[in-house]
Amino acid sequence: MSSPAPDLPFLHLDVLWLQVTGTICNIACRHCFISCGPKVDIHPPMTLAQVEDAIRQAEALGCRAYAFTGGEPFLHPDLFAMIDLALARGPLLILTNGMRIDPATATDLAERARAAEHSLDLRVSLDGLSAEENDPVRGKGVFAAATAGIRNLVAAGLEPTVAVTTVHAHHGSPDGRQQLLDLLRGLGISRPRLKLIPPFALGRQARVALLSPPPRLTAEHLDEDSPWVLQCGTGRMVTARGAWPCPILVNVDEARMGDDLRDALRPCALAHPACHTCHVEAFTCRS
Ligand code: SF4
Ligand code: SF4
């Protein structure tokens, strides 16, 4: 008989993730571990009132930083009002595919970043050094649009982090990382920052995950440092449908922790194979 899934203690709320656009995205990447797309409404977009309520709850709990994700956050008509709400309270990270960041949007973001007391950081996703490598994973024309978005950010004075999911395994090697860093320098980023993301056996990405049956965590895998290393020890995720331990498990119904953030301030069960991936990769969604 397999061991029961271990619970991870919840230490405190450092980071609140908000799935502002739900699972709505302008593209439908082949490896998206939450299966987002133009018509995917597993999670609907959050309203401005829902975002404000969650941020106020988090602030009262001493939350130190905020992160917006989706789907694609720049599809939300109220995104800039949401940005203002978060930036008034702490540093903000926005995850984006970069495709909707035109020069005016980049300028607007840069002005907010300059005016804010807290930092604004953007993380743009790419999955290759070229359209030939990226677009079979993310969609036709995505490489050109995403790199244009990165150039627009740089021109406005914002240097984004770039996230690469290692579906092309060579990107995780020293040579692969160097090639990616060279690409980012070529896009004008003076101090390139890469975030490498392992493939998770979830959503559309489950089709490209190779391990079968997937391993799971047991209590023996964890130690006293685990709540500090795994992001679910110090972070939570809210969507329009409730609260979750992290951005990775939002489509796993058994992982749902309650209707809002206050219901999720307790240990979470590390029952999913994705938890094993987090553990072995020491992975966190944080930058
Ligand atoms: S990986 Fe990101 S950009 Fe691609 S479909 Fe999912 S949410 Fe959209
Ligand atoms: S997937 Fe990772 S971050 Fe999410 S609950 Fe499991 S271990 Fe924690």
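Here are a few things to note about the model shown:
- Residue that is nearest to ligand 2 (Cβ to nearest atom), among those in region 180-214 that are touching a helix residue (DSSP H, G or I) at 6+ places or on another chain (Cβ under 7 Å) and modelled with pLDDT of 80 or more: L196
- Of all residues in region 163-178 being farther than 17 Å from V124 by Cβ and assigned to a helix (DSSP H, G or I), the one that is modelled with the lowest pLDDT: A169
- Assessment of region 141-156 against the conditions (in a loop (DSSP other than H, G, I, E, B) and on the phi < 0 side of the Ramachandran plot) yields no matching residue.
- Number of positions in region 11-30 that are touching a strand residue (DSSP E or B) at 6+ places or on another chain (Cβ under 7 Å), more than 7 Å from ligand 1 (Cβ to nearest atom) and assigned to a loop (DSSP other than H, G, I, E, B): 4
- Residue match in region 35-56 (condition: within 16 Å of ligand 2 (Cβ to nearest atom) and at pLDDT below 95): yes
- L16 satisfies every condition listed in (1) more than 17 Å from E59 (Cα to Cα); (2) under 16 Å from the mean Cα position of the chain (by Cα) except (1).
- Note on region 66-92: residues that are away from ligand 2 (no atom under 16 Å from the Cβ), out of contact with any helix residue (DSSP H, G or I) (no Cβ under 8 Å at 6 or more places or on another chain) and under 27 Å from C32 (Cβ atoms) amount to 6.
One line per residue, one yes/no per condition, for (1) charged (D, E, K, R); (2) touching a residue at least 60 places away in the same chain (Cβ under 8 Å); (3) within 27 Å of P38 (Cα to Cα):
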{"site": "I101", "(1), (2), (3)": "no, no, yes"}
{"site": "A104", "(1), (2), (3)": "no, no, yes"}
{"site": "A115", "(1), (2), (3)": "no, no, no"}
{"site": "L126", "(1), (2), (3)": "no, no, yes"}
{"site": "A146", "(1), (2), (3)": "no, no, yes"}
{"site": "G149", "(1), (2), (3)": "no, no, yes"}
{"site": "A163", "(1), (2), (3)": "no, yes, yes"}
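The values are calculated or read from the model by the stated rules, or taken from the named source; none is laboratory data. Note that this is a predicted model, so its numbers are computed, not measured. Cβ atoms come from the backbone with ideal geometry, glycine included; neighbour counts cover every protein chain shown.
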